[in-house]
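So the structure is just underneath, and the comments pick up after that.
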Amino acid sequence: MALGPSLIRPVRSSCIRCLQPPLWQKASTQSVSRTFHQSSHTNSSEAAVAEEQRPTVSYAFPRTKVYEYTRPQPRAPVKHRETAQEFKVNDNQAVLDEMYGKLLGPQGVNILTPELRWQAVTHASFDHGRQPYNNKLAFLGRRILIFHANLHILNQTQFPSATAQTSPKSEPSATISSDTATYLAPTPFQHPDYKNLDAATYETVGEYKNGDALAKFAKAAGLHHVMRWKPMNPGNLVQSGIDTVVVDCVYAIIGAIALSRGGFEAKKFVTRLLEQRKLSA
Amino acid sequence: RLGNALSLSGKRSLCSSFALKLHTTMARPAIVAPMMAVLDLQLLGREYQPPVGDQTCLGYLLRIRCPTTAGAACSRLRPSPCGTLGVGPRAAAAVRLSTSAPSRRTYATPAHGKGSSSEQLSLPPSRSPHTSAKLSSLHARLSLSPAFPLETLARCLIDPTAEPNPKFNNSTLSNLGNNLLGYYITEHLLAKYPRLPLDVLRAAMHAYISPPALFQIGREWGVEDAFEPTLEVDAGLLQFKRLKPGEPWGPEKFFKTGDKSALEPPAPTTTNKNQNGDPKSASESAAEQEVEGIPQSHATANFVKSVFAGVYLHESPSSAHHFFRQHITSRRLDVSRLFNFEQPTRHLSRLCAREGFEPPVARLLSETGRRSKTPVFIVGAYSGEERLGEGYGASLDEARMKAAVSALKGWYLYSPVVAGGVDRPSRMEEEGAWEGGRAFTSVFVDVGEVIV
């Protein structure tokens with residue numbers, strides 16, 4: 001931490017960097033909009049109206065350059081290292097809303113507040129995490145998807161693969177015996193509450209975790225060009241993991257809907273995803 | 001051997017070479033190595049097996065219900081088959097040892113009093129839930145509703161390692177329970193501590209619902225395990241196949257052998273056809289029949305997850321969440337101890353920069369004993385005039401680090417206070433959410449951890 005003005009004796013830090021001119025000298029002249037303990041982020045619908053008037057989201061104070069304080073002149077007259085290519089991402093609200101319309105349906109555009117709409121499609125790599133990003137939303141959304149996939153299989157009336165795999169090679173024998181005695185062979189207990197429980201195995205539910213179908217669904221909605229991220233190699237997006245990031249964004253949209261509107265709304269979106277998957281499979 | 005002491009115990013006078021000294025010591029008899037008998041049961045594969053099955057009536061008499069008669073409870077006495085000693089090749093030695101015990105057949109009353117000569121078969125004890133007192137008491141102890149049948153609870157106790165047929169084991173139930181618990185705990189933690197970093201969130205989830213935690217819960221519920229999952233064990237015991245002593249499993253097995261399949265759950269082997277669709281040969285069947293064991297902790301955890309799934313299926317989603325609150329979130333976890341900051345001062349500095357606060361500054365609040373062996377410094381982390389956190393330490397740097405950590409924890413452990421309690425997404429999926437319940441109040445969504 002930097003040495004700051006203090007009437008009490010200052011702490012002598014062992015860090016030399018503290019003696020440099022502070023990087024945020026310019027920032028401290030700006031008025032501090034809020035103190036530490038005020039809530040800095042609200043998702044209420046009243047704020048949404050105010051948010052909608054803003055064209056883009058600017059959460060942190062705007063920074064035009066990476067560093068405010070730069071050297072007065074370059075060290076060498078010629079740069080002999082490739083500069084990092086800047087990767088352009090979408091910053092247009094209309095393009096974002098169009099994508100949400102394709103993903104959630106025409107009524108679905110306003111399910112999320114504009115801030116959440118941006119946050120759900122922003123990856124942590126974008127702007128080094130200075131803008132609100134979606135890692136925790138994706139974490140919750142993935143859990144919700146797996147849970148609802150399980151319920152989806154459970155509530156299906158007919159699941160063909162269930163009965164075929166578990167039938168023995170011959171008709172079930174009437175008795176089973178241990179080393180000491182022979183018993184009546186037990187029959188599986190049936191109950192209406194079980195529904196399609198026997199089909200909802202780890203493997204069948206795990207098929208819905210597969211990201212390929214989700215990535216295809218997202219591609220159809222145009223999420224690849226709308227999400228905000230920073231690839232490792234702008235020349236090869238697939239190698240940089242665009243599909244993983246896109247699937248994270250889909251999960252994050254599920255999570256954002258769940259946290260802001262409740263599990264029922266999220267279930268509607270997830271059911272739409274699962275139905276699409278069934279059609280494509 | 002001392003001097004000329006040849007024979008057995010007794011006092012001996014011993015003369016040393018120094019004639020002036022005369023030692024009188026008790027000479028112990030020469031110790032001869034005893035003839036050790038290697039007992040058959042000490043060899044590998046023949047260790048002593050405690051008798052499996054019901055220990056209450058010692059297996060003399062078995063009071064069972066006829067599965068064929070409907071309505072009236074017809075209980076008859078039937079001699080148990082050959083005592084309740086363990087069955088299977090591994091327990092053959094134990095059987096041999098017990099031949100000296102009085103023969104139990106003499107005490108058995110002839111139970112075929114009705115005069116029928118053919119012996120009526122009954123369900124094996126491990127698959128007949130209504131004969132088990134343990135199962136009924138477990139059901140009552142957990143306060144499960146009458147809508148939750150004993151058969152489901154019995155199915156929850158059967159691990160896939162004990163029973164490969166998925167219609168009898170708890171694999172599907174524990175999968176559903178796992179997904180249910182994961183969903184509930186994630187939404188609970190995100191609602192309670194919205195700003196937790198993802199690593200800490202994962203650690204907190206692990207603390208609540210990982211197999212070791214669920215194992216503790218299962219033990220608190222009083223679930224006992226059967227030594228070996230034979231047919232004669234009580235239906236109220238947890239049935240699973242044990243690992244051999246020292247046998248690695250799961251991640252440990254992966255580290256030792258490099259076998260990646262140890263990290264995945266075991267594939268179900270219920271078909272009698274191999275991958276190509278042809279009937280399996282004898283060698284393939286034999287190879288697959290060697291079922292791998294499971295640690296006791298994971299078997300108990302699977303049982304606990306299955307019970308949650310059973311409550312969800314048989315009772316209701318709101319009942320399942322109530323059960324979850326009673327058993328999981330009622331447990332105390334100090335989330336503040338799960339943090340591990342690498343450079344707390346730098347982290348705090350980046351947090352303040354991102355949020356637009358004044359840059360953090362450390363100020364010495366008070367100190368004592370600077371030049372002594374045990375100094376104490378109290379340092380505060382300030383942002384402008386506001387103190388973010390305080391820390392004490394034996395050195396200035398330590399106190400400064402602690403102050404930064406305290407400030408960061410103050411940020412990340414923010415817990416919103418909402419009138420009427422923080423809402424949870426799963427509430428809207430329960431019955432009664434729309435008819436009379438209140439509308440969903442949105443949960444605080446955090447912008448993400450500071451990336452230093």
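The values are calculated or read from the model by the stated rules, or taken from the named source; none is laboratory data. What you see is a predicted model; the values in this text were computed from it and never measured. We place every Cβ from the backbone using ideal geometry, glycine too, and count neighbours over all the protein chains shown. Keep in mind that these areas ignore ligands, DNA and RNA; they rest on the heavy atoms of the full protein, side chains included. Shrake-Rupley method; radii C 1.70, N 1.55, O 1.52, S 1.80 Å.
Can you give the FRET efficiency for residue B:336 and residue A:190, using 1/(1 + (r/R0)^6), R0 = 56 Å, r = Cβ-Cβ distance, to the nearest 0.05? For residue B:336 and residue A:190, the calculated efficiency is 0.70. Which of rounded, prolate or oblate describes segment B:306-452 when judged by the alpha-carbon gyration tensor and an a/c cut-off of 1.5? In terms of gyration-tensor shape, prolate. Across segment B:316-430, C-alpha contacts under 8 Å between residues 6 or more apart give a mean separation that, scaled by the residue count, equals a relative contact order of 20 percent. Separation of segment B:165-196 and segment B:230-250, taken as the distance between their Cα centroids, equals 24 angstrom. Shielding of peptide B:164-175 by partners, expressed as the average count of other chain Cβ atoms within 10 Å per residue Cβ, is 5.
Return the value, in Å² to the nearest 100, of accessible area buried between chains A and B (probe 1.4 Å, both sides summed). Adding both sides of the contact gives about 8000 Å². Mean partner shielding of peptide A:199-212, defined as the number of other chain Cβ atoms within 10 Å of each residue Cβ, is 3. A straight chain from residue B:249 to residue B:206 at 0.36 nm per residue would run longer than the Cα-Cα distance by 13.6 nm. At full extension, residue B:413 and residue B:141 could sit 94.3 nm farther apart than now, given 0.36 nm per residue minus the alpha carbon distance. Across peptide B:176-188, the mean count of Cβ atoms from other chains lying within 10 Å of each residue's own Cβ comes to 5. Mind running the shape call on segment B:134-270? Use the C-alpha gyration tensor, a ≥ b ≥ c as the square roots of the eigenvalues: rounded below 1.5 for a/c, prolate if a/b tops b/c, oblate otherwise. Because a/c hits 1.5 or more and a/b fails to exceed b/c, segment B:134-270 counts as oblate. Heavy-atom accessible area for residue A:202, with the other protein chains in place and a 1.4 Å probe, reaches approximately 110 Å².
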